[in-house]
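Participant: Handing you this structure, nothing more for now.
Nothing in this text is a laboratory measurement; each read-out follows from the coordinates by a stated rule. Since the model is a prediction, treat every value here as computed from it, not as a measurement. Backbone-built Cβ (ideal geometry, glycine too); neighbour counts: all protein chains shown.
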Amino acid sequence: MYNTVILQVGNKVFVSGQIPLVPGSMVPLASGFEALCHLAIDHALTVAKAMGVSEEHIITAHCYVWNESDIEYVFSDQIKQRLPEKVRLFVLQSLCSF
């Protein structure tokens, strides 16, 4: 089961559940963790744009990973370049597995 939440409260928009599934097929990419990160970011930015939120208004991003080794990539310049400069990025290791 996949779940996403988009909530607008006053002038704030909260978006959650942007996971790296290919639109249309709802199947994850088979090309590695880095590509999955970029696809999830694409989804989040698309939702923000659809809600009328421009990138410069995004202030925080939370990323959940399964493998501790993936945390370093999430903080890499490749990811930071995709997000507005002022975004505070939080990365948490998930304790759950499916």
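Participant: Looking at (1) within 11 Å of the chain's Cα centre (by Cα); (2) of a type in the set (S, T, Y); (3) surrounded by fewer than 10 Cβ atoms within 10 Å (Cβ to Cβ), which is the one condition that is false for T46?
Facilitator: (3)
Participant: A follow-up question, please. When residues of region 52-69 are filtered for being crowded, with 16+ Cβ neighbours inside 10 Å and out of contact with any Cys (no Cβ under 8 Å at 6 or more places or on another chain), how many remain? Reasoning before the result, please.
Facilitator: Step one: filter region 52-69 for residues crowded, with 16+ Cβ neighbours inside 10 Å, giving 53, 58, 61, 63, 65.
Now drop any that are not out of contact with any Cys (no Cβ under 8 Å at 6 or more places or on another chain), which leaves 53, 58, 61, 65.
Residues that pass the stated criteria total 4.
Participant: Which condition does F75 not pass, out of (1) surrounded by 10 or more Cβ atoms within 10 Å (Cβ to Cβ); (2) in contact (Cβ under 8 Å) with a residue 24 or more places away in the chain; (3) not aliphatic (A, V, I, L, M), if it passes all the others?
Facilitator: (2)
Participant: Would you check if there is a residue in region 52-64 being of a type in the set (D, E, K, R), under 20 Å from V5 (Cα atoms) and without any contact (Cβ under 8 Å) to a residue 24 or more places away in the chain?
Facilitator: Within region 52-64, the subset of a type in the set (D, E, K, R) is 55-56.
If we keep only those that are under 20 Å from V5 (Cα atoms) too, we end up with 55.
Next, only the ones that are without any contact (Cβ under 8 Å) to a residue 24 or more places away in the chain stay: none.
The answer is no; no qualifying residue exists.
Participant: Does L36 meet the test of being under 20 Å from Q93 (Cβ atoms) and either surrounded by fewer than 16 Cβ atoms within 10 Å (Cβ to Cβ) or without any contact (Cβ under 8 Å) to a residue 40 or more places away in the chain (or both)?
Facilitator: On the way: under 20 Å from Q93 (Cβ atoms): yes; either surrounded by fewer than 16 Cβ atoms within 10 Å (Cβ to Cβ) or without any contact (Cβ under 8 Å) to a residue 40 or more places away in the chain (or both): yes.
Taking the combined requirement at face value, the residue satisfies it.
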